[in-house]
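These notes are about the structure you will find just below.
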Amino acid sequence: MVTPSPTRSITEVTLTRPAVEALAAEGRALVVGCDIEGVDLAGLSLTGWAFERCLLRRTSFKGARLEGSRWSGCRGAFADFSGSTLTEAVFQAGDFNNASFRHSLLASAAFRSCKLTGADLSEAKTLGASFEETLLVAAKLPGFSFRKMQLQRLDLGQADLRKADFRDAVLEDCSLRDANLTGARFEGADLRGADLGGLRLGDAALFRGATISRQQAGQMLAELGLKVS
């Protein structure tokens, strides 16, 4: 899908729902440096919109149409994207800590250099999504599929990764330290570039079929309290 460029721009103002609705009626907008904190934009159609350096703390985009949208340098702690359509959206250098993406459609979406600490991506549809240089510390990702993904510089420390699918994924400079990996699958995964610290005894079997380095193997044995002579 190729999304046309925004048709007009608005800069450094405080926006309300009626103001956003009026802009939407005129077409796609480029919104720069605007304060939209706490505004309820649920259900709006904002396909192809671009947001740059906007304040979005606790803003609700619940159920909104946001296909092909662009989010650059925005601050959206606790923003609500649950149930929204974010197909081919791009998030760049933004802070969306504790935001909710529950049940959202993130097919072919991209997150680059973002902060998603504590974010909730439970039951999101993510076919073709990508993550690079992103903090997902303590994020909620149960059942999340990273299958066959090339993951670069992701911090998944302390994340909820129960039943996550890492089959055939390649992790480069990533962290799984102290993550909840109960029921996760790693067959065919290349974990040589991952921090696997904080393993519990029951976790070791999860990595059957994955590739790890000799150094990681030694560290895993040490984590499990085993000594090699």
Just give me the residues in the stretch 107-116 being open to solvent by less than 40 Å² (accessible area, probe 1.4 Å) and assigned to a loop (DSSP other than H, G, I, E, B), in sequence order. ALA107, ALA109, CYS114, LEU116
Single residue of SER100, SER69, SER84, SER104 found to be open to solvent by 20 Å² or more (accessible area, probe 1.4 Å), modelled with pLDDT of 95 or more and closer than 26 Å to LEU15 by Cβ: SER100
For the stretch 120-133, how many residues are buried (at least 19 other Cβ atoms within 10 Å of the Cβ) and out of contact with any Ser or Thr (no Cβ under 7 Å at 6 or more places or on another chain)? 2
Does at least one position in the stretch 188-197 carry a residue that is modelled with pLDDT under 90, surrounded by fewer than 19 Cβ atoms within 10 Å (Cβ to Cβ) and not in a loop (DSSP other than H, G, I, E, B)? no
Count - residues of the stretch 114-140 that are of a type in the set (D, E, K, R) and at positive phi: 2
Restricting the stretch 87-97 to residues that are farther than 24 Å from ARG147 by Cβ and not hydrophobic (A, V, I, L, M, F, W, C), the one surrounded by the fewest Cβ atoms within 10 Å (Cβ to Cβ) turns out to be GLN92
Could you say whether any residue in the stretch 25-34 is surrounded by 21 or more Cβ atoms within 10 Å (Cβ to Cβ) and in a loop (DSSP other than H, G, I, E, B)? yes
Can you find, within the stretch 176-187, the residue that is farthest from THR211 (Cα to Cα) among those that are touching a Lys or Arg at 6+ places or on another chain (Cβ under 9 Å) and open to solvent by less than 30 Å² (accessible area, probe 1.4 Å)? LEU181
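The values are calculated or read from the model by the stated rules, or taken from the named source; none is laboratory data. Predicted model only: the values in this text are computed from it and were never measured. Using ideal geometry, Cβ is built from the backbone for each residue, glycine included, and neighbour counts are taken over all protein chains shown. Only protein heavy atoms, including side chains, enter the accessible area calculation; ligands, DNA and RNA are left aside. Shrake-Rupley method; radii C 1.70, N 1.55, O 1.52, S 1.80 Å.
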